[in-house]
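Everything on this sheet refers to the single structure shown next.
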Amino acid sequence: MSLGYAEKLSFIEDVGKVGMTEFFDSSHVLQEKIERLVKMIQKSKHLVVFTGAGISTSCGIPDFRGPKGIWTLQREGKPLPEASLPFHRAMPSITHMALVELEKAGILKFVISQNVDGLHLRSGIPREKLAELHGNSFMEACPSCGSEYLRDFEVETIGLKETSRRCTNVKCGTKLRDTVLDWEDALPPKEMLPAEKHCRMADLLLCLGTSLQITPACNLPLKCLRGGGKMVIVNLQKTPKDKNASLVIHGFVDKVIAGVMDFLSIRIPPYVRIDLFQIIITRSLSADKKFVNWTLQVASVHALKAPLPFLKSIEVSFSDAQKYKAAILHEQPFNLKRRTVTTEAFEILLKLNFSDGCGCLCTQINIPFGFKGLNGCCNLDKDTVIQDLREKAIQDICCGQNAVIERILAPRTEFTVHAVVTSIKAFESESDFLNNDVKRATESINGPQTSQKRSKGRKRKSIF
C-alpha cells in the first residue's frame, strides 16, 4: 500500500459506510440548481465553505468512501492502484482556485476543511481564513510558541507526534510536532473555535465534496441554521444532512463551481507552484594559499537535512569544461567538493533535474565563482520577485523560471536562496475543465487527503 497517510492511521475495524452510490442530476436540473446557488451567493453577506474529499479527487487524490475510495477497495478485497503522482506534487483543483478568487473578491469569508492535503493553503487561501480541522500533512507546529511551518515534503508522522526538526524562533527551539490527527485525537481548539464562530455567523454555508458523516465536524454546518442561515450541499453521494439543506446538488464539485464562477463573471487564474531551495558554497585556502578547497551544497530551505522532493538529480559542469571535470549528483544531500586555483574565476553550471510530477524536466542556474567574495547581504524584495516569477510563468504557460530571492555573501561562505517554478496548471475554459479536471481519480497518489474516518459508532473526541 503506497497511500502513506491511510497507512499511518491506527488500525480500526469499523470505518463506517463505504462504497456509497453516486448520483448525478440531469444537465438541465444541474443548470437550474447552479443558477439558484448563484443567486444565494449574490445575496449572501457571510459565505462560509465547508470542504471534504470530493474537492480533491480531480487532483488525483482518492477519497475514502466512494466507489474507488481507499476503504471501499480494501473492504472489497481489491488491490489499490499504484501511485501515478507523488502526494506532495498534487495541484489545487478548479474549485480550490475558485475559492481563492471568491475570497479576494470579498464574497467568501471563511473556509473549513476536513482535508489534510494542504491544497487550500497552497492555492492561496489566507491562513487566518482557514480552519484545517484534521490537520495538514505538510504542516509542522511548535507546541510551545505556536509557530507553524508549511513544508514542501510530507511530514513523516501523524498523531501530533514530535518530528526531527525544531522551532526556528531564537527564543524557543522546541521540538516541532506534526498536525494531522489520528483516530482518537480531539479536534484542536485553534481550528475548531474559529470554525464554530464562522458557522454561527454564516447566512450561507456551502458544503463541497463531503459525505458529512464524521463527527463532530459534520455537525458544524448545522450551526448556521440556528441563526437563520441556509445550507447548500454539493456532493455525488447522499448525506445524512440533506434534509437540513435548502439546496442539494448531485454533480461534480468542479463542474458546479465552474458554472458559478461563469455566472459571476469571475475568472479563475492558473495555479503556479513555486518551490524554494538554497545553494551554499563554502571556501577555504590551502596551506600554501595557491588553491581554494570548496564545497557546493544544494539543500532545502526548511533544514539542511530535510528532503528536496522536487529534485531528482543535479548535473554540475563548468564554464571552462576542459579544465574542470563535470559531475552528476544523484543522492541527497547534494554535495560536491572541489579544489581550484585561487586566481581563477569561472561559472558553475547547475542543471536541476526535477522529480516526477513536476511540470517540466529541468532548469539551469549559473553561479559565478571566485575566491574573493563580497561581504554583506543582497537586498531583494522576496514577494516582488516571486510575483514576477508567477506572472512570467502565466505569460509563458510553462515552468522552469527561477530567480534569487535572498543572498548573503561573506569571504568564506555564500548563501543563496532560489525560487523556481516547478508546475503550472491553467483553467482556460469550462470545456477545458470538463475534458481534463472533472474525471474521477482512478489512481491513487502518495496519501489520501481527508480524515473522513468516523462512523456513527465511533466519534472523534471533542473538547467542547
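Miscellaneous remarks
- The residues of segment 118-155 that are among the hydroxyl-bearing types (Ser, Thr, Tyr) and either surrounded by 22 or more Cβ atoms within 10 Å (Cβ to Cβ) or closer than 25 Å to Pro269 by Cα (or both), listed by number, are Ser123, Ser137.
- Residue check, Thr168 open to solvent by 40 Å² or more (accessible area, probe 1.4 Å), touching a Cys at 6+ places or on another chain (Cβ under 7 Å) and under 25 Å from Leu276 (Cα atoms): no
- Within segment 261-313, the set of residues being of a type in the set (Phe, Trp, Tyr), under 16 Å from Ile348 (Cβ atoms) and under 23 Å from the mean Cα position of the chain (by Cα) comprises just one member, Phe277.
- Inside segment 263-277, residues that are aromatic (Phe, Trp, Tyr) and either without any contact (Cβ under 8 Å) to a residue 12 or more places away in the chain or open to solvent by less than 50 Å² (accessible area, probe 1.4 Å) (or both) make up a count of 2.
- For segment 51-98, filtered to residues that are of a type in the set (Lys, Arg) and open to solvent by less than 10 Å² (accessible area, probe 1.4 Å), the residue that is farthest from Gln213 (Cα to Cα) is Arg89.
- Exactly one residue out of Glu191, Glu184, Glu196 is among the acidic types (Asp, Glu) and in a loop (DSSP other than H, G, I, E, B): that is Glu184.
- When residues of segment 290-313 are limited to those that are closer than 20 Å to Tyr324 by Cα and in contact with a Ser or Thr (Cβ under 7 Å, 6 or more places away or on another chain), the one most open to solvent (accessible area, probe 1.4 Å): Lys290
- Arg390 fulfils the conditions (1) under 23 Å from the mean Cα position of the chain (by Cα); (2) loosely packed, with under 15 Cβ neighbours inside 10 Å; (3) charged (D, E, K, R) except for a single criterion, (2).
- Filtered residues of segment 334-354 (kept if farther than 10 Å from Ile365 by Cα and of a type in the set (Lys, Arg)): Lys337, Arg338, Arg339
- So Arg177, is it touching a helix residue (DSSP H, G or I) at 6+ places or on another chain (Cβ under 6 Å) and at negative phi: no
- Scanning segment 325-345 for residues that are within 16 Å of Asn293 (Cα to Cα) and open to solvent by 20 Å² or more (accessible area, probe 1.4 Å) yields Lys325, Asn335, Lys337, Arg338, Arg339, Val341, Thr342, Thr343, Glu344, Ala345.
- Residue ID - most open to solvent (accessible area, probe 1.4 Å), chosen from residues in segment 99-117 that are touching a residue at least 40 places away in the same chain (Cβ under 8 Å) and small (Gly, Ala, Ser): Ala105
- Phe50 vs. criteria in contact with a Cys (Cβ under 7 Å, 6 or more places away or on another chain), within 29 Å of Glu191 (Cβ to Cβ) and in contact (Cβ under 8 Å) with a residue 12 or more places away in the chain: yes
- Failed condition for Leu160, given (1) over 23 Å from the mean Cα position of the chain (by Cα); (2) among the aliphatic types (A, V, I, L, M); (3) at pLDDT 95 or above: (1)
A quick yes/no check of all residues on (1) open to solvent by 20 Å² or more (accessible area, probe 1.4 Å); (2) closer than 30 Å to Thr215 by Cα; (3) touching a residue at least 12 places away in the same chain (Cβ under 8 Å); (4) aliphatic (A, V, I, L, M):
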| site | (1), (2), (3), (4) |
| --- | --- |
| Lys243 | yes, yes, no, no |
| Phe252 | yes, yes, yes, no |
| Val260 | no, yes, yes, yes |
| Ile279 | no, no, yes, yes |
| Ser284 | yes, no, yes, no |
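- Scope segment 149-163; condition under 29 Å from Cys358 (Cβ atoms) and part of a loop (DSSP other than H, G, I, E, B); matching residues: Arg151, Asp152, Phe153, Glu154, Val155, Glu156, Thr157, Ile158
- For segment 191-224, taking the residues that are among the charged types (D, E, K, R) and in contact (Cβ under 8 Å) with a residue 12 or more places away in the chain, the one that is most open to solvent (accessible area, probe 1.4 Å) is identified as Arg200.
The values are calculated or read from the model by the stated rules, or taken from the named source; none is laboratory data. The model shown is predicted, which means the values in this text are computed figures rather than measured ones. As a convention, Cβ positions derive from the backbone with ideal geometry for all residues, glycine included, and neighbour counts pool all protein chains shown. Calculation scope for accessible area: heavy atoms of the full protein, side chains included, ligands and nucleic acids excluded. Shrake-Rupley method; radii C 1.70, N 1.55, O 1.52, S 1.80 Å.
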